Amino acid sequence: MKLNILSNLRFSNKITLLGIASVLLTALTLLMVVAWQSGQYNAVAQGKVEEVTDTNLKDITRGAYNMVRAQGESVQQQVDYNLNVARYTLANTGQVSLSQEATELAMRNINQATMQSLASTRQAEKSAQSLNELARSLSQTVEQYQL
């Protein structure tokens, strides 16, 4: 029966139907390719986002560690210097006495170094949290464009 319908059509109508069928087949093929490529792109983009996030988090952590270590070394140098002064004074005079001002200054310096170290640690923590939020937001954005 279908063949009778096609055989009754004029040649120009047959050519038109053939053109429409070709366009529909091409459009369907393109949609399938787009869906397939979109899935692959999403997987690649997600992998890149995770890679960049991990790299940045490691850099922030390394920076915070190096900063805290440098501050620790600085405090240690100051303590070593002060101990050398005390040793020198003890060796030359046979006694060491610390004034109340010197003790207060030493305590203020220790307190300041501790506060700086704490502030650096808090800043590193905030940076890590911010980076984590950025990665989560970027991941959600990538997921929105997944077909």
* If you go through region 83-96 one residue at a time, do you hit one that is touching a helix residue (DSSP H, G or I) at 6+ places or on another chain (Cβ under 6 Å) and within 30 Å of N132 (Cα to Cα)? -> no
* Within region 65-78, is there a residue that is surrounded by 12 or more Cβ atoms within 10 Å (Cβ to Cβ) and more than 30 Å from S130 (Cα to Cα)? -> yes
* Asked: If we scan region 84-104, do we find a residue that is out of contact with any strand residue (DSSP E or B) (no Cβ under 8 Å at 6 or more places or on another chain), modelled with pLDDT of 75 or more, closer than 30 Å to V34 by Cβ and in a helix (DSSP H, G or I)?
  -> no
* Asked: Listed residues A102, A128, A135; which is farther than 23 Å from K48 by Cα and small (G, A, S)?
  -> A102
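The values are calculated or read from the model by the stated rules, or taken from the named source; none is laboratory data. The shown structure was predicted, so the numbers you read here are calculated from the model rather than taken from an experiment. Virtual Cβ from ideal backbone geometry, glycine too; neighbours counted across all protein chains shown.
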